[in-house]
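First the structure, in the form of structure tokens, and then the observations on it.
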């Protein structure tokens, strides 16, 4: 999968706000070239929630274990949740031991190097082995974000 294929897939889901900052945008320079996906049917960046998925194209100061500084390397990060995490990784997110994971491996579903304990999964350069899994996990993260939004909307209207 390419970055554009992932952006197109996620953006096609109802109510998704996709942000891909570039030079000159109001977003921090560090975020330029990356993409952030929110469930936001009103098209406004939510202030009280994180994206349900992101694409990062470079190492961040506190997140360098995927070695995204390699040419043509990116990572899709997915807030899959505990059940999907267990299904894909085989144990609870709380049992993730970061030293035992090669976070630079490509085309493999892995715990997120920073947020794995929160049920986030990641794939560096998704390819033929992980195309279907990546799409499924993105759909799961979208469904979770949409459900969370709807629950909060219902409680706010009471």
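Going by the structure shown, is residue 74 buried (at least 17 other Cβ atoms within 10 Å of the Cβ) and within 18 Å of residue 145 (Cβ to Cβ)? Before you say what the answer is, go through the steps one by one.
Details: buried (at least 17 other Cβ atoms within 10 Å of the Cβ): yes; within 18 Å of residue 145 (Cβ to Cβ): no.
No, not satisfied.
What's the number of the only condition in (1) out of contact with any strand residue (DSSP E or B) (no Cβ under 8 Å at 6 or more places or on another chain); (2) part of a helix (DSSP H, G or I); (3) modelled with pLDDT of 95 or more that residue 70 fails to meet?
Unmet for residue 70, out of (1) out of contact with any strand residue (DSSP E or B) (no Cβ under 8 Å at 6 or more places or on another chain); (2) part of a helix (DSSP H, G or I); (3) modelled with pLDDT of 95 or more: (2).
Just the residues that are farther than 25 Å from residue 70 by Cα, out of contact with any helix residue (DSSP H, G or I) (no Cβ under 6 Å at 6 or more places or on another chain) and touching a residue at least 12 places away in the same chain (Cβ under 8 Å), please, taken from region 96-136.
Hit for region 96-136 is 118, nothing else.
Could you check region 1-60 for strands (runs of 3 or more DSSP E) lying wholly inside it with 3 or more residues that are within 20 Å of residue 108 (Cα to Cα) and under 16 Å from the mean Cα position of the chain (by Cα)? Spell out the reasoning first.
Values: elements: 16-19, 35-39, 53-56.
Per the criteria, 53-56.
Output the residues belonging to region 73-83 that are part of a loop (DSSP other than H, G, I, E, B) and out of contact with any helix residue (DSSP H, G or I) (no Cβ under 7 Å at 6 or more places or on another chain).
In the first step, residues of region 73-83 are kept if they are part of a loop (DSSP other than H, G, I, E, B); the result is 73-74, 80-81.
Within region 73-83, 73 is the sole residue that qualifies.
The values are calculated or read from the model by the stated rules, or taken from the named source; none is laboratory data. Predicted model only: the values in this text are computed from it and were never measured. With ideal geometry, Cβ positions are generated from the backbone for all residues, glycine too; neighbour counts draw on all protein chains shown.
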